[in-house]
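Trainee: Quick one: this structure, given as structure tokens, is what I'll be asking you about.
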């Protein structure tokens with residue numbers, strides 16, 4: 001089955017909604033794996049993001065930016 005990674009940027013306030021959708025999708029598709037991260041995870045947990053991306057079949061990214069670089 002497929003492995004999907006989603007990294008949500010600016011709209012990360014929807015992360016809980018994405019996780020609910022993942023639970024629904026996974027419950028209907030045996031073997032489906034979906035990982036959801038925020039763009040902050042790129043800095044906070046880069047190993048986990050890299051591991052998920054290294055074996056992903058599909059990557060979805062939306063409105064990603066470096067918050068710290070934009071803030072200053």
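The values are calculated or read from the model by the stated rules, or taken from the named source; none is laboratory data. From a predicted model like this one, the values you see are computed outputs, not experimental measurements. Using ideal geometry, Cβ is built from the backbone for each residue, glycine included, and neighbour counts are taken over all protein chains shown.
Trainee: Inspect the stretch 32-43 for any residue being loosely packed, with under 13 Cβ neighbours inside 10 Å and farther than 14 Å from residue 64 by Cβ and give the result as yes or no.
Mentor: no
Trainee: When the residues of the stretch 52-72 are narrowed to those that are in contact with a strand residue (DSSP E or B) (Cβ under 9 Å, 6 or more places away or on another chain), at pLDDT below 90 and outside any loop (DSSP other than H, G, I, E, B), which ends up surrounded by the fewest Cβ atoms within 10 Å (Cβ to Cβ)?
Mentor: Ranking the candidates gives 61 first.
Trainee: If you don't mind, another one. Give me the pairs: first residue in the stretch 31-53 and at positive phi, second residue modelled with pLDDT under 90 and surrounded by fewer than 12 Cβ atoms within 10 Å (Cβ to Cβ), beta-carbon distance under 8 Å, and six or more apart or on different chains, which are they?
Mentor: Sorted first by the residue in the stretch 31-53, then by its partner, the pairs are 31/1.
Trainee: Oh, and also: For the stretch 22-51, how many residues meet the condition of being more than 19 Å from residue 63 (Cα to Cα) and part of a helix (DSSP H, G or I)?
Mentor: 10
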